Amino acid sequence: MIPEELTALATSGANVLVAAMATSAWSAVRRGFVTLLSRGRTDDWAGNELDRRERLIEGGAGREIQVEVLASHIESLLSQHPEVAGELRDLIAESEKTVASSSVVVQSTGSITTSNSAGSINISGLAGNVTAHARNDAS
């Protein structure tokens with residue numbers, strides 16, 4: 001069993017991974033986590049697993065379940081290589097910044113309602129892709 005602090009760190013990593021999957025930041029965030037999760041492995045398990053989780057989310061699988069699965073993978077890494085905790089913290093911070101400044105890409109044939117700290121958007125009668133770009137009005 002790993003310390004509670006590392007469990008929370010693993011959950012934070014999994015949350016940023018899942019958040020990045022629907023954004024233009026996915027490629028960069030994926031690359032960083034593949035490098036981290038591949039520690040001690042010679043195969044492409046990490047890349048394949050992240051791609052699988054992305055496909056499941058695109059197919060409508062629950063976000064929460066994917067976060068739990070990814071957190072479990074990260075916890076396993078931390079239990080085997082506790083020395084990567086600092087690297088994981090840095091990766092999470094960098095990934096959060098990348099996701100915050102990214103575009104959200106949504107495929108839908110119906111209506112979309114989304115919200116964040118800046119407000120909400122409701123789009124109806126949609127067929128195709130929508131790309132929403134983050135905008136910081138506070139600056």
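Readers should treat all values here as calculations from the given coordinates under stated rules, not as data from a laboratory. A quick note: this is a predicted structure, and the numbers were derived from the prediction, not measured. Positions of Cβ are generated from backbone atoms using ideal geometry, with glycine treated the same way; all protein chains shown enter the neighbour counts.
A few notes on this one:
- Sparse packing (at most 12 other Cβ atoms within 10 Å of the Cβ) combined with a DSSP loop state is found for none of the GluC sites (Glu not before Pro) in region 1-94.
- Region 4-101 - percent relative contact order, Cα under 8 Å, separation 6 or more: 51
- Taking Cβ atoms as reference points and 15 Å as the exclusive limit, the residues near residue 48 contribute a net charge of +1, counting Lys and Arg as +1 and Asp and Glu as -1.
- Fully extending the segment from residue 89 to residue 35 would add 18.0 nm, taking 0.36 nm per residue of separation and subtracting the current Cα-Cα distance.
- Stretchable slack from residue 64 to residue 43, in nm (0.36 nm times residue separation minus alpha-carbon distance): 4.9 nm
- Difference of contour (0.36 nm per residue) and Cα-Cα distance, residue 4 to residue 52: 14.5 nm
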